């Protein structure tokens, strides 16, 4: 593997190797097995893999969150060295490489801008769109790989590709979980010990909620999820919504769930000082 920190250096290397297809795995570092699942798939499907490691400041509406976001560059490179091939590339740009001038672009994603994460984190997805579109312009990948844990982000990026007419396939990989069920996340390492011990309650709760759909309507399911999470010390639910996987139209009754669509229960929880998200597919009856 080769580590490159400049746009010009990366593009020159891609031109020199000239391997197709090119697979891009955008990350913010603090890598774990969830990221590696994306990397392995890129290696399996693409002759050239590019892994970016960049903590993007424009997607943090909370500057304190940006400051405490975990940064583990040495461990990240060591982990990637276990799976990447000789000519695969790791892109570790500075801010000036991604944003040589301030990015003033404002994106509009319709309903995707109005629900769940977009409501809780104003401006977050605009920052995501800025950095992902820049990476797409720089790398020019054929396929880009993202994790299903960031359910709403995947929908936003698919819409970004449509709006900007990028000829890029967006590949969404299943959530990778810890043995106790907690969705793998770079933020997990910031959890206080007791909070980390209790955090599997999130997945257990939404798993039970998905089972309840056969006998309960959505208001009862949402009440169960809220009560079950909030009764745990140190945990506070921000939202739990059931939405389709494309337009993210939330539903309040089973009657609103349309055949031919997939629906997911999406949750955000304040676990101590750390915010965690997760989701699970809800079966159509």
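Quick note: the coordinates plus some simple rules give every number you see, no bench work behind them. A quick note: this is a predicted structure, and the numbers were derived from the prediction, not measured. With ideal geometry, Cβ positions are generated from the backbone for all residues, glycine too; neighbour counts draw on all protein chains shown.
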**Prompt:** Helix 33-45 versus the longest principal axis of the chain: what angle, 0 to 90°, nearest 10, using Cα atoms?
**Reply:** 50 degrees
**Message:** Angle check, please: helix 151-164 long axis (alpha carbons) against the longest principal axis of the chain (alpha carbons), in degrees 0 to 90, nearest 10.
**Reply:** 50 degrees
**Max mean-square fluctuation residue, GNM over the chain, Cα-Cα springs under 10 Å, options 94, 233, 47** = 233
**Request:** With springs only between Cα atoms under 10 Å apart, run a GNM on the chain and tell me which of 25, 55, 201 wobbles the most.
**Result:** 201
**Request:** Taking only Cα atoms and a 10 Å spring cutoff, compute GNM fluctuations for the chain and point out the largest among 102, 122, 21.
**Result:** 102
**Asked** For Rg/Rh (Cα atoms, Kirkwood Rh), the listed values are [x] 1.28; [y] 0.97; [z] 0.99; which was obtained by calculation from the structure presented?
**Response** [y]
**Prompt:** If you line up the long axis of helix 218-230 against the longest principal axis of the chain, both from Cα atoms, how many degrees apart are they, to the nearest 10?
**Reply:** 80 degrees
**Request:** For region 186-282, just say rounded, prolate or oblate: build the C-alpha gyration tensor, square-root its eigenvalues into a ≥ b ≥ c, call rounded for a/c under 1.5, and beyond that prolate if a/b exceeds b/c, oblate if not.
**Result:** prolate
**Request:** Pull out a ≥ b ≥ c, the square roots of the eigenvalues of the alpha-carbon gyration tensor of region 1-60, then state rounded if a/c is under 1.5, prolate if not and a/b is larger than b/c, and oblate in the remaining case.
**Result:** oblate
**Complete:** Note: probe point = Cα of residue 224 + 7 Å toward Cβ; backbone nitrogen < 13 Å; residues of region 167-209 passing the test are 204-209
**Complete:** Contour minus Cα-Cα span, residue 3 to residue 252, at 0.36 nm per residue, comes to 84.8 nm
